[in-house]
Structures are given as structure tokens and as C-alpha cells.
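Here is the structure we will look at, set down as C-alpha cells.
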Amino acid sequence: MEYMSQEGFDKIANELHNLETTELSRVRDAIAEARDKGDLSENFEYHAAKREQGRLLGRIRFLQRVLENARVIDPALLKTDSVGLLSRVALTNIGNNHSMTYTVVSPHEANMAEGKISIKSPIAQALLNHRAGDEVTVRVPAGTVRLRIDSVELG
């Protein structure tokens, strides 16, 4: 079982719906069109469409399993004074005085471009259950980083 936000659940459900209704029918049409061209042993379009169909079916099965095991978390039940799932955390890198803000989310919602980090990431693991004003040391691939938690709020 994996907890996630309603927004993340809806995003995955919408992607699944789009794959099942639009993309899969598009690929099936491409397969049928390629099949009509004759000899399948040397038909590049047919083999490419079959590979795309396999990729889509794999993604559909994956998203179905994610949704089966997902539980939408009620934000009212979350702590707002310490870092946890769905917390929006403002941090300062003590080494270079660089400020950043992240929202801790489920691994399926993680997106660095949106400032969302996985709860399973090294940074989020180090921040869990800490409060504003705490300093934490995080081991990252580039070495060790010291971070100060400036604020914690519900994301």
C-alpha cells in the first residue's frame, strides 16, 4: 500500500484512462493498417506498431497496479509541525547558502521540475520527522550536504 495525494491519484488515473481509450486504439489501428500492407516478416511499420502496443500495455498494467495499491491520504490527518508526506519544506544549504523548497510526495508523484521529491529519496528520508530550525546532514551522490529547515507547512 502506498499513500499519495488526491492530485497524484487523479493524474495517474487520467493517464491510465488516456492510454486505454486513445493511445491503445491508435496503436491497434496502426497495426491493422500495417497488416493490410502484406508480408509481415519484413513489414517495419507492423513490427514498430507491435512494439509500441507492448510498451503501452506494460505501462497500462503498471498504472493499474499503482492505483490498486494506492490510498489517497486525507491532508487533515497529517502533521503540520514536522516533515512528512505532503509537507512543503523550505530549506537552506548551509554550505553555499542556497535556498530551495520541496514538497515531499509519493514516488509516483515525484517531479523535480515541480519541486516534488519522493519520500524515498535521500533528502526526504533525512528530513522526515524534523521541524523548522533543525539542521540535517544528507548523504547524496555528490557527497554530504548540511541543510537547515526554514519552514514546514502542508503542501
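The values are calculated or read from the model by the stated rules, or taken from the named source; none is laboratory data. None of the values given here were measured: they were computed from a predicted structure. Because the Cβ atoms are built from the backbone with ideal geometry, glycine has one as well, and the counts that use them run over all protein chains shown.
Scan Leu19, Leu56, Leu78, Leu40 and give me the residue that is at pLDDT below 90 and farther than 30 Å from Leu128 by Cα.
Answer to the selection: Leu40.
Please enumerate the residues belonging to region 87-134 that are small (Gly, Ala, Ser) and either closer than 17 Å to Ile73 by Cβ or surrounded by fewer than 16 Cβ atoms within 10 Å (Cβ to Cβ) (or both).
Ser87, Ala90, Gly95, Ser99, Ser106, Ala110, Ala113, Gly115, Ser118, Ala124, Ala132, Gly133 - these are the residues of region 87-134 that are small (Gly, Ala, Ser) and either closer than 17 Å to Ile73 by Cβ or surrounded by fewer than 16 Cβ atoms within 10 Å (Cβ to Cβ) (or both).
Is it the case that region 43-52 has a residue that's outside the structural domain of Arg28 (by TED's automatic domain parsing) and either in contact with a Cys (Cβ under 8 Å, 6 or more places away or on another chain) or in a loop (DSSP other than H, G, I, E, B) (or both)?
no
Can you tell me which of (1) free of Cβ contacts under 8 Å to residues at least 24 places away in the same chain; (2) of a type outside the set (A, V, I, L, M); (3) outside any strand (DSSP E or B) is the one Gly84 doesn't meet?
Here Gly84 meets the rest and fails (1).
Can you run down the residue pairs with Cβ atoms below 8 Å, 6 or more apart or on separate chains, where the first is in region 38-67 and among the basic types (Lys, Arg) and the partner is surrounded by 14 or more Cβ atoms within 10 Å (Cβ to Cβ)?
Filtered contacts from region 38-67: Lys50/Ile31; Arg59/Leu19.
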